[in-house]
Amino acid sequence: EKADSEKPTNIEADQFTMDDVKQVKTFTGNVIMTRGSMKMTGAKVVVTTDPAGYQFAVLYAAPGDFAKFSQKRDSDPNVASPPNLWIDGQAADRIEYDDKTEIAKLYKDAQMRRLELPKGATMADVKPQDIKVTDKVNGQFILYDSRAEFYSVNNTVDGVSKPGAGRITAVLQPKPKQP
Amino acid sequence: MKNLRSTFRLRFIMLLLLCVALTLGSFWMVEVMHKKTEEVIPTPARTEPDYYVDNFNYVQMAIDGQPRYNITGQRLTHNPMDDSFDVILPVIHSLSKDNPPMTLRSDTGKIEDNNSKVNLYGNVKADRLPTPTSSEFHLKSEYLLLLPDDDIIKSDKFVEMTLDQSVMTGTGLYANNATRVMKLFKNVHANIPPSTKKP
């Protein structure tokens, strides 16, 4: 959600290395990165700060595991009791997140899901069976603009769709009719 | 007549032996007189400090004669056993031009290996003011090892450090002020504030 960008980022890891000259901070060893409602987990995070102060984070997956991220979505302000909407994504290679454009790029066996959680629940405390998946998208590369909540999917890792390079699957649930 | 000569020879030899014994004896006596008493009885190695300096300022120069770092403190006590110094309330400033100036202070310190290792114990604080090329840096810990000649600080204890506005804690630190590389070795927690510049 938009409010996330004003929140501090908390990172937990096993090791930390920083090169002050290049302004590169590297966290390694089951890294958990949280910022407001957004949570990212992976084997390694490399955070680079550009001179303007914007942060660019690359989250690497442990071999055989996925780099995961989940975030609460902004709910429709004029709906009376807005549904508890979330989005989560995972990628086998890495997730790149650019703080300036608030765009996340997921590389290799990427998957994004739009979720609806029971009222008041968050991804941390929700029971798996209560998660309702409204949309699910798989592909080799997914670009997700969290500010515009728009995502595009390609079937090759370098973000360009080539014919014959594999299928993209998308499952879009019908909108439940408002009672 | 014959036994006169043999008795004479016998008596002569006896006399000769006596003189030889006398000269050797006197040599020995001279030797003993010259030898000082300390060398004879080994004195126990001195364990107690042999001198101390109050309110001192010790400046170490680099090879080119420029000041490299200085250590001030309330009291510097020299231990002859391992030629180390114990310092009360040490304050260390790195003065070399090419690295951002860093200040370290603690309750007590121990300088050893002819000033190449400075151990800092108790309420250790390291501070570096921001320079155009390096971020502001503050550090707190219970123990810190400073290698002043190569501007490196190390610790195996819990360390809390702030870098610009981010606060980081962890156990085990290596920070090289010359190459400005910093490492934390165990259970790292970092809190990075949101970047203030928004479009």
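The values are calculated or read from the model by the stated rules, or taken from the named source; none is laboratory data. This structure is a prediction, so every number in the text was calculated from the model and none was measured. Methodologically, a virtual Cβ is constructed for each residue, glycine included, from the backbone with ideal geometry; neighbour enumeration extends over all protein chains shown. When the accessible area is computed, the model is the full protein with side chains, heavy atoms only, and any ligands, DNA or RNA have been set aside. Shrake-Rupley method; radii C 1.70, N 1.55, O 1.52, S 1.80 Å.
The residues of segment A:1-30 that are hydroxyl-bearing (Ser, Thr, Tyr) and at the interface with another protein chain (Cβ under 8 Å from one of its Cβ atoms), listed by number, are A:Ser5, A:Thr9, A:Thr17. So is B:Asn115 buried (at least 17 other Cβ atoms within 10 Å of the Cβ) and in a loop (DSSP other than H, G, I, E, B) or not? The answer is no for B:Asn115. Need pairs with beta-carbon distance below 7 Å; first residue within 7 Å of chain A (Cβ to nearest Cβ) and surrounded by 15 or more Cβ atoms within 10 Å (Cβ to Cβ) and within segment B:181-199, second modelled with pLDDT under 90 and assigned to a loop (DSSP other than H, G, I, E, B); sequence gap 6+ or separate chains. Hits for this filter: B:Met182/A:Asp20; B:Ile192/A:Pro8; B:Pro194/A:Lys7; B:Pro194/A:Pro8; B:Ser195/A:Gly53; B:Ser195/A:Tyr54; B:Ser195/A:Asp99. In segment A:9-23 there is no residue matching the filter, namely being in a strand (DSSP E or B), open to solvent by 20 Å² or more (accessible area, probe 1.4 Å) and in contact (Cβ under 8 Å) with a residue 40 or more places away in the chain.
Looking only at segment A:59-72, residues that are within 18 Å of the chain's Cα centre (by Cα) and exposed (fewer than 15 other Cβ atoms within 10 Å of the Cβ) come to 2 in all.
Hey, can you tell me all the residues within segment A:73-100 that are over 19 Å from A:Ala43 (Cα atoms) and surrounded by 14 or more Cβ atoms within 10 Å (Cβ to Cβ)? Passing the criteria: A:Arg73, A:Asp74, A:Pro83, A:Asn84, A:Leu85, A:Trp86, A:Ile87, A:Asp99, A:Lys100. Taking segment B:141-162 as the range and being under 19 Å from B:His93 (Cα atoms) and either crowded, with 20+ Cβ neighbours inside 10 Å or of a type in the set (Gly, Ala, Ser) (or both) as the test, the residues that pass are B:Ser141, B:Leu144, B:Leu146, B:Pro148, B:Asp151, B:Ile153, B:Ser155, B:Met161. Does A:Met33 qualify as being more than 17 Å from B:Thr169 (Cβ to Cβ) and either in contact with a Ser or Thr (Cβ under 7 Å, 6 or more places away or on another chain) or more than 7 Å from chain B (Cβ to nearest Cβ) (or both)? Taking the combined requirement at face value, the residue does not satisfy it. Criterion applied to A:Leu59, A:Leu85 was being farther than 16 Å from B:Leu184 by Cα and modelled with pLDDT of 90 or more, and the one residue passing it is A:Leu59. Within segment B:156-174, restricting attention to residues that are of a type in the set (Gly, Ala, Ser) and without any contact (Cβ under 8 Å) to a residue 24 or more places away in the chain, the residue that is farthest from the other protein chains (Cβ to nearest Cβ) is B:Gly172. Looking across B:Val87, B:Val59, one residue alone is in a strand (DSSP E or B) and open to solvent by less than 60 Å² (accessible area, probe 1.4 Å). It is B:Val87. Restricting segment A:36-58 to residues that are facing chain B (nearest Cβ under 7 Å) and of a type in the set (Gly, Ala, Ser), which is least open to solvent (accessible area, probe 1.4 Å)? Once the filter is applied, the top-ranked residue is A:Gly53. All conditions in (1) open to solvent by less than 20 Å² (accessible area, probe 1.4 Å); (2) closer than 24 Å to A:Ser152 by Cβ; (3) within 14 Å of chain B (Cβ to nearest Cβ); (4) out of contact with any Lys or Arg (no Cβ under 6 Å at 6 or more places or on another chain) hold for A:Ile103, with the sole exception of (1).
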